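Participant: Here it is: the structure, laid out below.
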Amino acid sequence: MATTQFQDLAEARLPARPLHLAIGMFDGVHLGHRAVIDAAIQSARRSGGLAGVLTFWPHPSVLVRPDSPVPLVNDPGIKARLLAEAGMDFIITQRFTPGFAAIEAADFLPFLQKNLPALSAIYVGENWRYGHGRGGDIHSLVEDARARGLAVVSSQRINLNGEPISSTRIRACLAEGRLDEANALLGYSYFAEGIVASGKALGRAIGFPTLNISWDPGLRPCFGVYAVQVTGPKSAGRYPGVANYGLRPTVEQSTEPKLEVHLFGPCPFAGGDKIQVDWLRFIRPEMKFSSVEELTARIAEDRAQAEAFFKTGTTAK
């Protein structure tokens with residue numbers, strides 16, 4: 001069954017089957033989120049109902065603190081894709097407007113049932129808050145739901161290495177170059193999607209041709225060099241390589257970071273192709289070199305480290 005997407009609760013038109021609704025921002029669709037999502041899917045399959053997600057755009061922080069909104073791990077399109085791949089039957093991306101934010105906690109469930117008459121059960125994390133001023137919590141949700149004939153399933157937070165898995169923790173890991181930890185928390189490899197664009201061909205001139213990817217994430221990962229794998233429309237294969245993400249201080253004074261990927265073998269991709277770059281290992285932070293020759297020598301070392309990772313799972317010293 002294909003996943004149906006709606007841009008607002010008021011637009012949701014769903015069959016008259018029991019609806020099992022997971023609610024949350026779900027930024028990153030990480031392992032903690034999967035506990036909530038999988039619970040909704042499993043219950044829906046047992047009951048012959050539909051499993052879906054109610055998520056939000058933009059992040060509430062855009063409304064409550066517009067000068068410093070939360071940078072997001074996933075844009076809405078990638079998040080929807082991950083939710084669909086997880087097995088959701090429908091996705092509702094509710095516009096987080098001042099009007100929606102003003103709904104009081106006591107009015108939230110009536111609002112949901114008005115728009116989703118077949119709503120049967122709600123699935124959230126145990127620390128989820130809702131309603132104006134975050135006035136509702138899991139206790140008030142359970143109490144109100146019971147009175148309205150709805151079930152509530154709350155999932156406990158999942159820990160990794162003794163600390164809770166959270167989107168905040170993942171953002172910090174990506175920003176600090178702790179890619180192994182970020183990928184462990186996500187449950188999949190962090191990735192970038194973008195269109196191959198034309199560049200200045202400097203990489204080709206120094207013996208390391210690159211794919212230049214148009215990519216402008218909400219959350220900028222640590223500037224530096226990574227071992228990566230690339231997939232795209234022209235082949236089902238996965239192509240190993242080494243990527244640089246940053247401002248390229250040795251060759252230009254860019255104000256916007258760029259993502260460049262050098263593949264180890266023949267490159268099947270060309271300008272205009274949409275590709276996915278999976279980030280597998282952080283090799284080093286971005287550096288400024290005294291000359292192009294010094295940069296070229298270091299790129300050769302970076303490539304050797306990335307190749308060692310693909311052969312052994314570790315980077316060469």
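The values are calculated or read from the model by the stated rules, or taken from the named source; none is laboratory data. All values derive from a computational prediction rather than experimental measurement. Ideal geometry is used to build each Cβ from the backbone, glycine not excepted, and the neighbour counts take in all protein chains shown.
Participant: Hey, residue 1 hits all of (1) at pLDDT 95 or above; (2) surrounded by fewer than 14 Cβ atoms within 10 Å (Cβ to Cβ); (3) over 24 Å from residue 152 (Cβ atoms) but one; which does it fall short on?
Facilitator: It fails just one condition, (1).
Participant: Residue 113 is checked against (1) under 20 Å from residue 34 (Cβ atoms); (2) without any contact (Cβ under 8 Å) to a residue 40 or more places away in the chain and fails just one. What number does that condition carry?
Facilitator: All conditions pass for residue 113, except number (1).
Participant: Any residue that is crowded, with 16+ Cβ neighbours inside 10 Å, of a type in the set (A, V, I, L, M, F, W, C) and within 19 Å of the chain's Cα centre (by Cα) - is there at least one of those in region 62-71?
Facilitator: There is at least one residue in region 62-71 that is crowded, with 16+ Cβ neighbours inside 10 Å, of a type in the set (A, V, I, L, M, F, W, C) and within 19 Å of the chain's Cα centre (by Cα).
Participant: Could you run through region 289-317 and say how many residues are charged (D, E, K, R) and in contact with a helix residue (DSSP H, G or I) (Cβ under 9 Å, 6 or more places away or on another chain)?
Facilitator: 1
Participant: Another question, if that's okay. Could you grab me the full set of residues in region 26-64 that are in contact with a Pro (Cβ under 8 Å, 6 or more places away or on another chain), under 23 Å from residue 134 (Cβ atoms) and not in a helix (DSSP H, G or I)?
Facilitator: Residues satisfying the conditions are 57, 58, 59.
Participant: Listed residues 158, 138, 170; which is within 20 Å of the chain's Cα centre (by Cα), modelled with pLDDT of 95 or more and assigned by TED's automatic domain parsing to the domain that holds residue 22?
Facilitator: 158
Participant: Still on this structure, please answer the following. So which of 268, 221, 217 ends up being part of a loop (DSSP other than H, G, I, E, B) and in contact with a Lys or Arg (Cβ under 7 Å, 6 or more places away or on another chain)?
Facilitator: Answer to the selection: 268.
Participant: Show the residue pairs meeting these rules: Cβ distance below 7 Å; 6+ apart or different chains; first residue within region 43-68 and touching a residue at least 60 places away in the same chain (Cβ under 8 Å); second residue among the hydroxyl-bearing types (Ser, Thr, Tyr).
Facilitator: Within 7 Å, the pairs are 49/120.
Participant: Can you run down the residue pairs with Cβ atoms below 6 Å, 6 or more apart or on separate chains, where the first is in region 264-281 and touching a residue at least 40 places away in the same chain (Cβ under 8 Å) and on the phi < 0 side of the Ramachandran plot and the partner is part of a loop (DSSP other than H, G, I, E, B) and buried (at least 18 other Cβ atoms within 10 Å of the Cβ)?
Facilitator: So the pair list comes out as 275/269; 279/190.
Participant: For region 245-262, how many residues are touching a residue at least 24 places away in the same chain (Cβ under 8 Å) and more than 17 Å from residue 198 (Cβ to Cβ)?
Facilitator: 6
Matching residues to (1) surrounded by fewer than 13 Cβ atoms within 10 Å (Cβ to Cβ); (2) on the phi > 0 side of the Ramachandran plot:
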residue	(1), (2)
133	yes, yes
136	no, no
140	no, no
156	yes, no
167	no, no
173	no, no
178	no, no
184	no, no
188	no, no
